[in-house]
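Asker: Take this structure, written in structure tokens, and hold onto it; I'll ask about it next.
Quick note: the coordinates plus some simple rules give every number you see, no bench work behind them. Remember, predicted model here, so these are calculated numbers, not experimental data. Here the Cβ is made from the backbone with ideal geometry for all residues, glycine too, and neighbour counts use every protein chain on show.
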Amino acid sequence: MDHNQMIRKDLRHSWHPYTQMSTLVADPPLLIERAEGLFLYDADGKKYYDAISSWWCVVHGHGHPRIREAVARQMEKLDHVLFAGATHEPAIRLAQRLAAISPEGLTRVFFSDNGSTAVEVALKMSLQYWRNVGKEGRASFLCLDRGYHGDTTGCMSVSGVEAFLRAFRPILFPARRVPAPYCYRCPEGKGYPACGVSCLNALGEALREGGDTVAALILEPLLLGAGGMIVYPPEYLSGASRLAREHGVHLILDEVATGFGRTGTMFACEQAGVSPDFLCLSKGLTSGTMPLAATLTTAEVYNAFLGDPDGGKTFYHGHTYTANPVGCAAALASLELFEEEGAVDRVARLAPRLAEGCRALADLPMVGDVRHIGMVAALELVRDKGTKEPLPGTAPLFREIRREGLRRGLFLRPLGNVVYLFLPQAVTRADMDDILDRFGETLREVLR
């Protein structure tokens, strides 16, 4: 079957995420046939840099032989078994390894399937913890107005990206949102670092007003992904952690996108010296090869769930594919590669080059802000640089950027009014120079 027939069948039966399907008739999806290393290959054999790590997942490049071999070996031995009343070596080894490399105090690992479920688990654990210790009144959550934590109901309830929420508000629980530390559009009209990160005051006020009704504060550390690739100062994260401790509430850190070396340290929270009560992981956990997630928490939280089986303290939550052996095998191979190939050190070494390359585009028309951290760089496009009036994310210009990127061998997916690179940690200096050249050419062509 030729690829045009395949696309027609796709449009007849498939329903793509975050996509207005009516637009795909004129602008059909790219038919990807295979992937290797940093590249995606379409049905015609043309290759494209996977410049967004296939939705922020790919760490070691596509098709790494070590991960492939680990998956194949595990499939020959044990493909799946329920994780209630049974266990297996890959899960045991992975839980032990995650506890060893995670911030201090995170000793217990609850496995699930994806980023949304990792966060959902943390929300439910926090809520039930307070119930188990006799503080049922702690049943509300604090979050950021630009935060995003997933698309399940609990995750949406503590997210703030309006486009993802408006159709579902009737089923969401209320949560208090505070202004995000969005330096380009500072909620207080100040500038960093002279501001002293005074945007923390709003968070402190919300915690004081919430008092003993607040269960937890949830944040994406240092980088708000779907909210616009907003990079914020480590001082905000460390201050938020301090405030959470002072007010006796849990701190949930969503490192689904930022974990596993993406920001220049294994976990972004390390850059602020923060150890949370819950750490949510997925995406890069298996380098995007298998669906797997983990929620890590402390002995204090875990111990609050122990007791009489009929006493109501059991955590009644689970997933069919919890701790799937094949996914765990992929994750173990990925973690071994971090040690052998020095992926985190490579990110720290190459991040300044990525920042430099994108800052060179700051003078282009409509580029209002350039921000970066680790392997992530983002350009926010505006109608007017003086007023910072944003371009609507539905503007045809963004579709043209995507198409021009494809013509130049770059797979991009603009996010609202933000064009960004989210590069695999396996990128080399030569790869990065090539990607930056193509990225610059794409934007100069469209924005000239």
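Asker: Quick query: amide H of ARG383 versus all other amide H atoms, modeled in the peptide plane; which residues come in under 5 Å with a sequence gap of 5 or more or a different chain?
Answerer: GLU389, LEU391
Asker: Let me ask you something else. Taking θ = phi - 60°, what integer Hz values does the Karplus form 6.51 cos²θ - 1.76 cosθ + 1.60 yield along region 131-147, in sequence order, with x for Gly and Pro?
Answerer: 5, 5, 9, x, 10, 4, x, 7, 9, 10, 10, 10, 8, 9, 6, 10, x
Asker: Going by how many other Cβ atoms sit within 10 Å of their own, how do ARG262, ARG66 line up, fewest first?
Answerer: ARG66, ARG262
Asker: Using a 10 angstrom cutoff on alpha carbons, build the Gaussian network for the chain and name the most mobile of HIS372, HIS80, HIS13.
Answerer: Its mean-square fluctuation being the largest, the pick is HIS13.
Asker: Among SER198, SER238, which comes first, second and so on when ranked by fewest other beta-carbon atoms within 10 Å? Don't jump to the answer; show the numbers that get you there.
Answerer: Working: SER198 14, SER238 17.
Final ranking by Cβ density, sparse to dense: SER198, SER238.
Asker: From the C-alpha gyration tensor of region 1-50, pull out the three semi-axes of the equivalent ellipsoid (sqrt of 5λ each), sorted largest to smallest, in whole Å.
Answerer: Values: eigenvalues 89, 37, 15 Å².
So the three semi-axes of region 1-50 are 21, 14, 9 Å.
Asker: Same structure again: Given springs between every Cα pair under 10 Å in a Gaussian network model of the chain, which of LEU203, LEU292, LEU24 has the largest fluctuation?
Answerer: The residue that fluctuates most here is LEU24.
Asker: Inverting the mean 1/r over all pairs of different Cα atoms, compute the Kirkwood radius of region 242-290 and quote it in Å. Walk me through the numbers before you get to the answer.
Answerer: Working: mean 1/r = 0.0863 Å⁻¹.
Here the Kirkwood hydrodynamic radius works out to 11.6 Å.
Asker: Give, as ranges by residue number, the residues of region 392-411 whose backbone N falls under 13 Å from the point 7 Å along Cα→Cβ of LYS46.
Answerer: Label zone hits: 402-411.
Asker: Hey, another quick one. Give the shape of region 314-448 as rounded, prolate or oblate, defined through the alpha-carbon gyration tensor: a ≥ b ≥ c are the square roots of its eigenvalues, a/c under 1.5 means rounded, and otherwise the shape is prolate if a/b is larger than b/c and oblate if not. Please list the in-between numbers first.
Answerer: On the way: a/c = 2.35, a/b = 1.61, b/c = 1.46.
Note, shape of region 314-448 comes out prolate.
Asker: A further question follows. Enter the per residue convex hull volume of the chain, computed from alpha-carbon coordinates, in Å³ rounded to the nearest integer. Each step should come with its number before you reach the end.
Answerer: Values: hull volume 69.3 nm³, N = 448.
Dividing the Cα hull volume of the chain by its residues yields 155 Å³.
Asker: In addition: Taking the chain as a Gaussian network, Cα atoms linked when under 10 Å apart, which of PHE168, PHE411, PHE398 shows the biggest mean-square fluctuation?
Answerer: PHE168
Asker: Going by C-beta contacts inside 10 Å, put THR442, THR320 in order with the fewest on the left. Intermediate values should be presented prior to the final figure.
Answerer: Values: THR442 24, THR320 9.
Sorted ascending by nearby Cβ count, the order is THR320, THR442.
Asker: Sorted by mean Cβ packing within 10 Å, highest first, what order do the peptides 402-408, 147-153 take?
Answerer: Final packing ranking: 147-153, 402-408.
Asker: Ordered by residue, what ³J(HN,Hα) values in Hz, to whole numbers, does region 328-345 give under the Karplus form 6.51 cos²θ - 1.76 cosθ + 1.60, where θ = phi - 60° and Gly and Pro are x?
Answerer: Calculated HN-Hα couplings, in order: 5, 5, 5, 5, 4, 5, 4, 5, 4, 5, 4, 6, 7, 9, x, 4, 5, 4 Hz.
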